[in-house]
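Just below is one structure, and these are the notes that go with it.
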Amino acid sequence: MIKGTILKNISNQYIVLFEDGTKQLCVAMGKLRQDRKPLVGDHVWVDEFDHQFGIQKIEERKNYLIRPAIANVDQAVIVMSSKDPDFSTVLIDRLIFQIVMANITPVLCVSKMDLVSADDPIHEAIEDYRRSGYEVYVTGHDFDENELVECFNDKISVLTGQSGAGKSSLLNRINPEFELNTQEISKALGRGKHTTRHCELYAIGSGWVADTPGFSSLDFSKMDLLELSHRLPDFKDAAMHCRYRDCVHLNEPGCEVKQGVENQRISAIRYQNYVDVAALIKQGRRR
Ligand SMILES: Nc1nc2c(ncn2[C@@H]2O[C@H](COP(=O)(O)OP(=O)(O)OP(=O)(O)O)[C@@H](O)[C@H]2O)c(=O)[nH]1
Ligand SMILES: [Mg+2]
Ligand SMILES: [Zn+2]
């Protein structure tokens with residue numbers, strides 16, 4: 001059997017990249033057709049027979065996402081435009097919460113920075129993410145993408161973010177040969193749908209990047225609040241010193257996270273967005 005990685009899925013067929021650099025169209029065999037369908041990003045074992053290539057086995061996944069359907073993701077790059085559509089820390093933070101709960105590292109990329117002036121409040125918002133320990137990249141027309149390109153090396157990354165944020169445009173700027181479809185935001189939003197429909201991995205440097213339609217829904221009703229409260233990178237250090245081990249940093253006495261917000265060691269923006277999502281989680285549980 002030959003070992004490879006799935007780059008693209010078109011209905012029941014998969015493009016697999018083998019370790020020798022060749023690509024082959026493969027089909028899923030037997031049980032893999034129903035119970036455990038292969039995903040883009042899966043490391044698989046393939047057999048050749050009758051001039052056909054069949055995926056026999058899927059290696060254990062490090063993690064996976066359902067929408068977009070992709071496995072073994074190392075990092076998710078949240079692409080958020082500075083304008084058109086509007087910059088939103090609420091949306092960024094909700095994406096961060098979903099991403100850390102999927103066991104994936106969030107990275108922020110603020111796009112369309114050519115549209116904002118030097119004194120725009122967005123610069124302070126960006127600093128707030130950097131101070132909180134997040135990796136932040138800024139891009140725009142005529143911006144140098146070298147740093148961003150380096151962050152893709154040796155990893156599988158997904159781009160996520162709202163329709164029109166410029167995810168496909170960004171990949172086209174990095175490599176014009178990708179020729180990904182892009183669309184003016186008014187048209188994209190008018191249809192209420194993403195221009196990018198499927199999920200495919202593209203080679204950038206020594207890494208792989210998926211252009212995806214982004215997370216299709218941000219459902220918090222099934223999220224575990226205690227787990228979120230302990231996984232958020234912003235809270236991690238402080239949370240270890242809260243009086244109660246199951247502190248979710250809302251109204252508990254002796255909460256070091258709340259103390260951190262008061263002392264401005266923890267972002268007040270992220271904390272407020274966390275409190276709002278905590279309310280959504282509780283509502284979902286009551287239903
Ligand atoms: N000013 C400016 N406009 C940009 C930039 N990047 C993209 N755009 C515009 O933003 C619009 C949407 O870009 P897309 O790349 O299609 O957005 P997307 O995130 O892939 O959208 P979906 O596939 O629908 O999720 C297009 O009209 C682009 O021309 C940029 O850096 N600066
Ligand atoms: Mg797109
Ligand atoms: Zn606490």
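Cysteines in the chain lacking any other cysteine Cβ under 4.7 Å from their own Cβ: Cys26, Cys109, Cys151, Cys199, Cys255. For the range 101-114, 3J(HN,Hα) computed residue by residue from phi via the Karplus equation (6.51, -1.76, 1.60; θ = phi - 60°) reads 6, 8, 6, 10, 7, x, 10, 10, 10, 8, 9, 6, 5, 5 Hz, glycine and proline entered as x.
Pairwise alpha-carbon distances in the range 76-211 exceed 19 Å for 49% of all pairs.
Overall size of the range 2-60 from C-alpha positions, given as principal axis extents largest first: 29, 26, 21 Å. Over the C-alpha atoms of the range 225-286, the Rg to Rh ratio, Rh being the Kirkwood estimate, stands at 0.94. Between Ser206 and Val149, the modelled label-to-label distance comes to 1.6 nm, taking each label 7 Å out from Cα in the direction of the beta carbon.
For Lys155, the lysines whose Cα comes closer than 16 Å to its Cα, not counting residues fewer than 8 places off in the same chain, are Lys62.
In a Gaussian network model over the chain where Cα atoms closer than 10 Å are linked, find which of Lys222, Lys112, Lys167 has the largest mean-square fluctuation. Sorting by GNM fluctuation, first place goes to Lys222.
Distant-in-sequence amide contacts of Ser132, defined by a placed amide H-H separation under 5 Å and a gap of 5 or more residues or a different chain, comprise nothing. Of all DSSP bridge pairs formed entirely within the chain, close to 60 percent run antiparallel. Each residue of the range 169-178 is assigned a 3J(HN,Hα), and the resulting list reads 4, 4, 5, 5, 5, 5, 8, x, 5, 5 Hz, derived from the Karplus form 6.51 cos²θ - 1.76 cosθ + 1.60 (θ = phi - 60°), x at Gly and Pro. Between Leu226, Val257, Ile269, the Cα set farthest toward the positive side of the dipole of the range 225-286 (charges on each charged residue's Cβ, about the Cα centre) is that of Leu226. Using the Karplus relation 6.51 cos²θ - 1.76 cosθ + 1.60 with θ = phi - 60°, the per-residue 3J(HN,Hα) values for the range 153-165 come to 4, 6, 9, 9, 10, 10, 8, 9, x, 5, 4, x, 5 Hz, with x marking Gly and Pro. With K and R counted +1 and D and E -1, the other residues having a Cβ less than 12 Å from that of Ser81 yield a net charge of 0. Full extension of the chain segment joining Arg130 with Gln52 gains 23.1 nm, where the gain is 0.36 nm per residue of separation less the Cα-Cα distance. For the chain, the Kirkwood radius over C-alpha pairs fed into Stokes-Einstein at 37 °C and 0.692 mPa s yields D = 160 µm² per second.
Just so you know, all these numbers are worked out from the coordinates, no wet-lab data involved. Keep in mind that this is a model prediction, so the values were computed, not measured. In this analysis, Cβ positions are derived from the backbone assuming ideal geometry, glycine residues included, and neighbour counts consider all displayed protein chains.
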